[in-house]
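Written out below as structure tokens is the structure these notes cover.
The values are calculated or read from the model by the stated rules, or taken from the named source; none is laboratory data. If you're wondering where the values come from, they're calculated on a predicted model, not measured in any experiment. For neighbour counting, all protein chains shown are included, and Cβ atoms are generated from backbone atoms with ideal geometry for every residue, glycine included. Heavy atoms of the whole protein, side chains included, go into the accessibility calculation; ligands, DNA and RNA do not. Shrake-Rupley method; radii C 1.70, N 1.55, O 1.52, S 1.80 Å.
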Amino acid sequence: MKLVVVSAGLSSPSSTRLLADRLAAAVPARADARTEVVELRDLAMEIAQHLVTGFPPARLAAALDAVAAADGLIAVTPVFAASYSGLFKSFFDLIDKDALTGKPVLLGATGGTARHSLVTEHAMRPLFTHLRALVLPTAVYAASEDWGQEGLERRIARAGAELARFAAPAAAVAPDVGTAAAIAPRSLTGAITSVDPADGFTVVPFEQRLAALRAG
């Protein structure tokens with residue numbers, strides 16, 4: 001399993017990179033697991049150059065290829081003006097439109113106050129849904145006062161376990177996790193459901209249900 005971590009922190013060290021590392025460490029280890037970190041701070045000039053010229057320099061091309069080839073992605077950004085940072089958005093603007101289709105993505109964000117805690121839901125989740133990624137249910141936001149608190153550690157642990165479940169092939173999922181496929185079961189509308197096709201569940205078309213009601 002290849003795990004790629006994208007961190008958009010601007011300082012060094014940064015709380016954004018710290019959260020990214022904590023999330024990666026929370027993913028249950030496997031013998032074949034590989035983790036690669038893409039630090040956007042180091043690619044800022046290349047990102048701007050690609051946006052202007054349309055051609056990615058070698059380091060940026062390697063980072064884009066790594067994201068496209070990942071089995072699971074962790075994406076973490078600092079909060080700017082109640083949303084993700086411009087550097088974060090610029091990088092994902094360069095991702096091929098099909099590169100994240102069905103790919104499990106764990107979202108994380110950092111900020112100075114808990115007032116921005118919904119940035120993962122109001123800004124980040126719509127972005128990755130647009131890219132047709134499989135956005136995990138648990139997103140992790142860390143305000144300054146959250147560090148060292150038990151609640152943050154619980155959210156990180158839960159999010160890491162979710163990523164391991166959805167990124168791993170079905171045969172590699174730990175027995176206590178269940179037999180869910182790598183991609184979560186979906187309804188006819190594309191929404192994730194709690195029903196596993198392996199249980200023999202079949203979808204009855206609405207027209208057939210309606211006809212049965214009329215006959216009764």
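For this structure, a couple of remarks:
- Residue 150 sits with roughly 130 Å² accessible to a 1.4 Å probe, with DNA, RNA and ligands left out of the calculation.
- Label positions at residue 32 and residue 101, each projected 7 Å from the Cα along the C-beta direction, are separated by 2.4 nm.
- Spacing of the two label points (7 Å from each Cα toward its C-beta) at residue 215 and residue 55, in nm: 6.6 nm
- Over the range 1-104, accessible surface divided per residue gives 46 Å², non-protein components excluded, 1.4 Å probe.
- FRET efficiency, 1/(1 + (r/R0)^6) with R0 41 Å, evaluated for residue 81 and residue 154 via beta carbons: 0.90
- Gyration tensor over the Cα atoms of the range 119-169: the corresponding equivalent ellipsoid has semi-axes (square roots of 5 times the eigenvalues, largest first) of 22, 17, 5 Å.
- With every protein chain in place, the range 45-150: carbon and sulfur % of accessible area (1.4 Å): 57 percent
- Stretchable slack from residue 18 to residue 144, in nm (0.36 nm times residue separation minus alpha-carbon distance): 44.2 nm
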